[in-house]
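Inspection log for the structure reproduced underneath, given as structure tokens.
The values are calculated or read from the model by the stated rules, or taken from the named source; none is laboratory data. Here the structure is a predicted model, which means the values were calculated and not measured. All Cβ positions, even for glycine, are placed from backbone atoms using ideal geometry, and neighbour counts span all protein chains on display. The area values use the complete protein model at the heavy-atom level, side chains included, leaving out ligands, DNA and RNA. Shrake-Rupley method; radii C 1.70, N 1.55, O 1.52, S 1.80 Å.
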Amino acid sequence: MVKRCARHNIGLGKIATDKGSFLIQVLFTLIVVSAGVLVQLNVVQWGIVALSSFIFLSTGFYRSAAHLLTRFDVSMSIGQAVRLKAMSNFMLTITAGISFFTYLIVFMPEINQLL
């Protein structure tokens, strides 16, 4: 996929700013990091949050790249484009759910202590 993106001049900047979906994920990650600073997470919790956030952002980046590739690669059939978009959307949905569940596990004890 990287070679195909390079062939169609789809760079990191174009992927990151495509329709703002990746930027929304970055904003959500910044909110999670700010909340972690606010509740003073320990090292293990920071590691879990960092790993979960990295995987979440990576799949979002992949999704944006896949959507751009289907738009610019004319050699791709409609069926291939639909499958690629569906696969990237599914991966992002699953990763977002796992990340959200992980954040709940990490943050709920800290939030309960504050209340």
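Key figures for this structure:
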read-out: Protection proxy ranking of 48-56, 79-87, 107-115 - average other beta-carbon atoms within 10 Å, highest first; value: 48-56, 79-87, 107-115
read-out: Distant-in-sequence amide H partners of Leu41 (H built 1.01 Å from N, under 5 Å); value: none
read-out: In Å², nearest 10: area of Thr59 left accessible to a 1.4 Å probe; value: 20 Å²
read-out: Carbon plus sulfur fraction of accessible area for the stretch 10-115, probe 1.4 Å, in percent; value: 76 percent
read-out: Most to least accessible of Tyr62, Tyr103 (protein chains only, probe 1.4 Å); value: Tyr62, Tyr103
